[in-house]
Amino acid sequence: MSEFSDSDFGESIDDLFSNLEQGDNDGAQRQPFKFLDSYTTDDRDLFFGRELELRELYGRFFSSRLTVVFGLSGSGKTSLVQCGLVSEIPPTEAIFFPVRTAVDPFRSFQDEVARRVNLPEELDDAVEILREASYQLSKTLVIFLDQFEEIFIMQSASARKDFIKELSRWL
């Protein structure tokens, strides 16, 4: 026989999670755990414990045109880049374009750039889009392929091949 009744357990769960509401709590302390959501620059004060990885990523970022961050699913790669690395690089030096590859990687790329750059309508070549963005913004452009594993899960072999070929043009 259990020493707790269903109502005791239900009340304790409600009490446990009653303070975890999302959103602005009129100055209440923010919860440091984002569960499956990634950390962003807005969470820099909550993001800690990755200093060694961040230093290594920062050093590699400036030493190569291509930096790959890989690890197990859920290990915090997106947070390391979006919160850690982006927070360390002054916005006057670089602009990050997060791109997802699940549906249409080319459209995702174009849409993300177009959110920050006034692109001519006739411009549809990715390399020309990058040149135009570089000209208008006058800073380093960083294409952050977030959740890149989606291209292997969600795209056909021919779409993957086309995208990889296009990426090589970008570099």
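The values are calculated or read from the model by the stated rules, or taken from the named source; none is laboratory data. Not measured: the values here are computed from a predicted model. For neighbour counting, all protein chains shown are included, and Cβ atoms are generated from backbone atoms with ideal geometry for every residue, glycine included. Heavy atoms of the whole protein, side chains included, go into the accessibility calculation; ligands, DNA and RNA do not. Shrake-Rupley method; radii C 1.70, N 1.55, O 1.52, S 1.80 Å.
Of all residues in the range 31-46, how many are of a type in the set (Asp, Glu) and not in a helix (DSSP H, G or I)?
Of the residues in the range 31-46, 1 are of a type in the set (Asp, Glu) and not in a helix (DSSP H, G or I).
Can you say whether residue 144 is of a type in the set (Phe, Trp, Tyr), surrounded by 12 or more Cβ atoms within 10 Å (Cβ to Cβ), under 30 Å from residue 37 (Cβ atoms) and out of contact with any Gly (no Cβ under 6 Å at 6 or more places or on another chain), as far as the supplied structure shows? Give the derivation first.
Values: of a type in the set (Phe, Trp, Tyr): yes; surrounded by 12 or more Cβ atoms within 10 Å (Cβ to Cβ): yes; under 30 Å from residue 37 (Cβ atoms): yes; out of contact with any Gly (no Cβ under 6 Å at 6 or more places or on another chain): yes.
So residue 144 passes the test.
Scan 106, 33 and give me the residue that is in contact (Cβ under 8 Å) with a residue 60 or more places away in the chain and open to solvent by 50 Å² or more (accessible area, probe 1.4 Å).
106
Whether any residue in the range 39-47 is open to solvent by less than 90 Å² (accessible area, probe 1.4 Å), in contact with a Phe, Trp or Tyr (Cβ under 6 Å, 6 or more places away or on another chain) and within 21 Å of residue 167 (Cα to Cα) is what I want to check.
Within the range 39-47, none of the residues are open to solvent by less than 90 Å² (accessible area, probe 1.4 Å), in contact with a Phe, Trp or Tyr (Cβ under 6 Å, 6 or more places away or on another chain) and within 21 Å of residue 167 (Cα to Cα).
In contact (Cβ under 8 Å) with a residue 24 or more places away in the chain, open to solvent by 40 Å² or more (accessible area, probe 1.4 Å) and of a type in the set (D, E, K, R), is that true of residue 132?
So residue 132 fails the test.
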